[in-house]
Structures are given as structure tokens and as C-alpha cells.
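Engineer: The following block contains the structure, expressed as C-alpha cells.
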Amino acid sequence: MEKVCALTLILCIAVSLAQNPPVPRDVLPGEYPSVVVVKTPALNRFCLGEVIDATHVLTSALCVLNEERTRVFPARLVRVFGGDVATRQVSLTRQTRVALHVFVHENYRSHAFENNLAVIRLAEPFHLPSNGVEAAEMRMRIVPDNHECDALTWLRPVAGVTVTETPRLQALQVTIRNRDVCNTERYTEPSVREDNLCMQITGAGFDPIQGDPVFCDGHLTAIHSWRWDVQVQAPQLANLVATQVRFHSHWIHHQLNRTQPMPEGWNPMEF
């Protein structure tokens, strides 16, 4: 009888979670101090980045490329601010920096979202330790299927729309899905590769862009790269695909000591 009651309780909880999917929540001050905002000349583009050390920030390649994705923005036009990811009501913990160099992964392929990473070197280091900014710890362990993580995004102002809410950092609890299962739902390229994580979200209200981080057990685990909608009945489902940092840790750390800038005229669309 006790086993039947326990099974019934589990089924009730599962049904409740299916009917009430996780909703975005506001990130508490100091909860993810490694997350910063990256601003470029691209119209209304604010990306998230993650502090790797006092002078380097990790983000997506798309974040630092022009609208046509044919060239990297000049470093002097790329700004990073941390300690306060809101764009209004600047707090005392805000630290604003300008880029010195921008390094995009040489094998970035925009059409397939491969190697969708970039490292920004700052002209002036962040003040560390700080109550507002902290370097992220990268996860180097395998993330198992069905593991729960936090996907972060920045509630952004929408162009041409009057915004009544203050832009702020939000997190959504996501569950890691099996890559093979995700690929059975994907009928065209690109596919979910080994260096990717696949997550599914339900409903609206959470719309991450390339560069937004995924944290598992408090460690920086992946960088959001692309998404696709699953054509099913309501509620609408979407699969999020992110690039795992552990597969690219060698490239990331190589940029920390890199002495040569990006090749002049480098154009990822030519590959």
C-alpha cells in the first residue's frame, strides 16, 4: 500500500511539473557575479559575457561581429560592464571597461554555429576581488542527461516598444536532454554535436541570445549558441543548444596569453 501511495505521489508531482513548467526568475545580487554585459555598435544588441579572469571576458562570436557577420568590431568600440548588469540606475558596484583586443575563434562557422566563441581582452582589468565582479569557474566534468542547470539571459528592451520594466538578469531552470533525442526532432542542419548541450523550454517569456551563459552547479558550463522551435501543440516548445566550454578550454586559455591580434581583414563568411 505504501509503494502504491509513493508511486501515486510521484505521478502527481510529474503531472504538476508538466502543467506548471519553470518560469524565469530575477537573479539575486551577487548570485552570478561573473556575468557581464557586452555592448557593441550593433543596433540594440546587448550580449552577455562571462569574466574568465580580471582582463578577459568570454562571449559568443556573433556578439562581436557586425550585422553582416563579415568583420570583427574594432576593439575600441566594444564596451563591457559588470557588477551591475542593468542599463539604468547605475549602482556603486558598476565597473565599465573598453576592449583592447577581440579574439574570435578562427574556425567559427556562422551557418552551422560551430566554435561560436570569442574572448575579449580588456584595456583595464576589473578590480578583483570585488563584491560585484568575480571570475567564473568553468565546469570540466560531463553534464549527465536530466541534470538541472540555470540558463541566464538579460531582459532586454525591445526596439520601438515602450519599456516599463527595468532590464535585468534572469535565470530559468532547464533540464539537460539527451543529444540523440534532440537530433531526432531536428530534420535539417545544423545538428546537435558532441560539444553541445541541448535543453528544452516551454512557453514564452524567456528568449536567450547567443552568448548567454548556462551554469550547472554554480559553474560556467556552456554558452548559448542557437535554438529552434519544436512544432507541437501548445504550449509551444523550443530547444536551446549551447556550446560546452570544457570542449574549448584549451582555445579559451590560449587567448589569455595570445600576443597576435586577429588577422587583418579576417572574414568568417569566407570559410
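The values are calculated or read from the model by the stated rules, or taken from the named source; none is laboratory data. Because the structure is a prediction, the values reported are computed rather than measured. A quick note on method: Cβ atoms are made from the backbone with ideal geometry, for glycine too, and the neighbour counts reach across all protein chains shown. In case anyone asks, the SASA skips ligands and DNA or RNA and just uses the protein heavy atoms, side chains included. Shrake-Rupley method; radii C 1.70, N 1.55, O 1.52, S 1.80 Å.
Engineer: Just flag the GluC sites (Glu not before Pro) in segment 19-87 sitting in loop per DSSP whose Cβ has no more than 12 other Cβ atoms within 10 Å.
Structural biologist: Passing sites in segment 19-87 are E67, E68.
Engineer: Using a 1.4 angstrom probe on the protein heavy atoms only, could you order Y32, Y187, Y108 from most to least accessible area?
Structural biologist: Sorted by accessible area, descending: Y187, Y32, Y108.
Engineer: Counting only the heavy atoms of the protein chains, how much of M199 is accessible to a 1.4 Å probe, in Å² to the nearest 10?
Structural biologist: Here the residue's solvent-accessible area equals roughly 0 Å².
Engineer: H105: accessible area at probe 1.4 Å, nearest 10 Å²?
Structural biologist: That residue has around 20 Å² of solvent-accessible surface.
Engineer: Under the 0.36 nm per residue contour assumption, what length would be gained going from the current alpha-carbon distance of E68 and D145 to full extension?
Structural biologist: Taking E68 through D145 to full extension adds about 24.1 nm, to one decimal.
Engineer: Could you please put E194, E134 in sequence from largest to smallest accessible area, using a 1.4 Å probe?
Structural biologist: Putting E194, E134 in descending order of accessible area: E194, E134.
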